[in-house]
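Student: This is the structure I have questions about; it appears just below.
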């Protein structure tokens, strides 16, 4: 498997790699663990006494300089606004504070310093992140249409200001002056270099007329991306099935979907419902309906949106000096270029070919047993026959493993695993108003000290974000605010009856919680823009790494319980389940490759593509994978509407390669030992975006990462 070998010079993004070892370091930052009221006189006096001693370093923490309009240390939990009007007022104040900081930034005369430039710029970013986070949350998750509409409008206001800020040549030039100051601490150097690289890539150095054109295109593009996601969230559809057609579907599913007098049940296009039907319904027509509901969620509403997205992304890239959007996107990634992007995908094609061929042959064999008409394996058949093959190979009792993965038990498993590995505890927060009654809130404590909070919004409902994501509600900034994170997911709801999940769905919970932990641990940086600002194609690695603990029998036995009896999972079943989970990894790798190739090819051409649907079909068929005929993946895959993933879906494969390499540091016979997990936390998770992602990995591994562990896992039976 000839995956590109990273070199020392390619560990960071081009133009971003700087020397971290030759600069002066500032003293340890001011810390406080007491809860103090905002604007506390005693706290202000304490800080003022520190300032003089720090001036000789030419650095002032954001906690001590920018007091007006933003307050001092704020470690109180985020509070849900009491009304829409109250939130709009809060949002307006945050946006105005950002604009005020921008005026202060622009008014500087004479010598630029960290104090009068970087700290003030970072205040702009902090206030924008506060405003953006709540607007994004309410847009994606608030049950009230008025809140969602207001959030969309608020997001547009922030985007307009961000757009203008990112194209401001004077901002770039001021920060460039700061980058030359020898006494800037290392984390600030990296922060500045990242920001400057973004300014250059996005066209801030272009003539004013070109910048105006870029601003116009980006505004239109952002609106299209919001529309793509809004269409997915709004399309909460149902379809009707006869109970008699649901042979093979588990009893807990039928319990959640009671039949009417005619023996008909109504099923939604919620991801969890459709996954159950695709994996367990014996009737092939039911599976086909479920597949079309899943992969046509955005159709036809997003048909025009996708065409416009491709066209305008291409236009944006050309204006910014790139041949196409694929090249524009690669420039900010570890992979660096489209050429290396393609080489990486080609190498994975070769590595996954044998495993996928063996697995698909097994599926065809089992389909031939059930289907006397000899129909070929269809896209809607894959999940069903994967389950059949697993049960035939590893025993029918693995089907019963779902009873050990009830949602509430999986939640406790995730929390228990994380607490054991990282020596932290999770404390429920009561008496907090939330945007929906089902949302849960927790504090994260380390040695009795609160280091962050998170909110779990885990079950589907109409007009909610339809996928799975972790997003920041508050970026952690040392001395200013603790990190707070929201998980938006769509798992089965215990309130509807027993909410049984399978192991792959439990893995999704572990995965998203990995993102959450990354945000919590990294949330003690001095700079608002440096908490988790890692390279996008490394961003998935920590969360993919956490999935490994669910693939260990001893961990399964320790944390899983039968949802009725409370008994732990038998070790024999846990071992079979882990082995069964290996079956299908070749198919899954090829599926991710097909999506990666399709999204790359949609954006890697001399002219905008107009055949997005066929691009998806072509790569599925070329890689030997059945395609769901009649589906519109290009209108439904969430990542198509996200600029950060639209041409770089390979991120999941690249990050998985790194995650498998990171996992080699752990002792397979003692996976719950906190020793190596603590090192991972210190050397990678807590560093956030303060150093190049490749350097963080090398510091943890003691060498540059490579593909050997991934290759071994992918090719092993």
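Student: If I filter the range 559-590 down to residues being part of a helix (DSSP H, G or I) and out of contact with any helix residue (DSSP H, G or I) (no Cβ under 8 Å at 6 or more places or on another chain), which single residue comes out as modelled with the lowest pLDDT?
Tutor: 582
Student: Turning to a different aspect of this structure: Which residues, counting only those in the range 412-435, are farther than 27 Å from residue 670 by Cβ and in contact with a helix residue (DSSP H, G or I) (Cβ under 7 Å, 6 or more places away or on another chain)?
Tutor: Residue satisfying the conditions is 435 alone.
Student: Output the residues belonging to the range 691-713 that are surrounded by 22 or more Cβ atoms within 10 Å (Cβ to Cβ) and assigned to a helix (DSSP H, G or I).
Tutor: 693, 694, 696, 697, 710
Residues are listed down the side, and each one gets a yes or a no for (1) outside the structural domain of residue 223 (by TED's automatic domain parsing); (2) part of a loop (DSSP other than H, G, I, E, B); (3) within 16 Å of residue 647 (Cβ to Cβ); (4) modelled with pLDDT under 95:
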position: 272; (1), (2), (3), (4): yes, no, no, yes
position: 278; (1), (2), (3), (4): yes, no, no, no
position: 285; (1), (2), (3), (4): yes, no, no, no
position: 289; (1), (2), (3), (4): yes, no, no, no
position: 305; (1), (2), (3), (4): yes, no, no, no
position: 309; (1), (2), (3), (4): yes, no, yes, no
position: 313; (1), (2), (3), (4): yes, no, yes, no
position: 317; (1), (2), (3), (4): yes, no, yes, no
position: 322; (1), (2), (3), (4): yes, yes, yes, no
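Student: Quick one: which of 607, 554, 588 is within 25 Å of the chain's Cα centre (by Cα) and surrounded by fewer than 21 Cβ atoms within 10 Å (Cβ to Cβ)?
Tutor: 588
Student: Right, something else. Can you give me the number of residues within the range 528-556 that are at pLDDT 90 or above and not in a helix (DSSP H, G or I)?
Tutor: 5
Student: Another one. Of all the residues that make up the range 470-479, how many are surrounded by fewer than 23 Cβ atoms within 10 Å (Cβ to Cβ), more than 12 Å from residue 455 (Cβ to Cβ) and touching a helix residue (DSSP H, G or I) at 6+ places or on another chain (Cβ under 6 Å)?
Tutor: 1
Student: Among the listed residues 332, 352, identify the single one that is touching a residue at least 12 places away in the same chain (Cβ under 8 Å) and either in the same structural domain as residue 163 (by TED's automatic domain parsing) or in a loop (DSSP other than H, G, I, E, B) (or both).
Tutor: Step by step, each of 332, 352 is checked, and only 332 is touching a residue at least 12 places away in the same chain (Cβ under 8 Å) and either in the same structural domain as residue 163 (by TED's automatic domain parsing) or in a loop (DSSP other than H, G, I, E, B) (or both).
Student: Related question: Among the residues of the range 681-690, is any surrounded by fewer than 15 Cβ atoms within 10 Å (Cβ to Cβ), modelled with pLDDT of 95 or more and in a helix (DSSP H, G or I)?
Tutor: Yes, some residue in the range 681-690 is surrounded by fewer than 15 Cβ atoms within 10 Å (Cβ to Cβ), modelled with pLDDT of 95 or more and in a helix (DSSP H, G or I).
Student: Moving to a separate point now. In this structure, is residue 361 touching a strand residue (DSSP E or B) at 6+ places or on another chain (Cβ under 8 Å) and assigned to a helix (DSSP H, G or I)?
Tutor: So residue 361 does not fit the description; no.
Student: Oh, and also: Give the residues of the range 199-220 that are surrounded by fewer than 18 Cβ atoms within 10 Å (Cβ to Cβ) and either part of a helix (DSSP H, G or I) or outside the structural domain of residue 152 (by TED's automatic domain parsing) (or both), sorted by residue number.
Tutor: 200, 208, 209, 210, 212, 213, 215, 216, 219, 220 - these are the residues of the range 199-220 that are surrounded by fewer than 18 Cβ atoms within 10 Å (Cβ to Cβ) and either part of a helix (DSSP H, G or I) or outside the structural domain of residue 152 (by TED's automatic domain parsing) (or both).
Student: State whether the residues of the range 255-264 include one that is surrounded by fewer than 23 Cβ atoms within 10 Å (Cβ to Cβ), touching a strand residue (DSSP E or B) at 6+ places or on another chain (Cβ under 9 Å), in contact (Cβ under 8 Å) with a residue 24 or more places away in the chain and farther than 24 Å from residue 220 by Cβ.
Tutor: yes
The values are calculated or read from the model by the stated rules, or taken from the named source; none is laboratory data. Everything numeric here is computed off the predicted structure, so don't read it as measured data. When we count neighbours, we look across all protein chains shown, and the Cβ atoms used for this are built from the backbone with ideal geometry, even at glycine.
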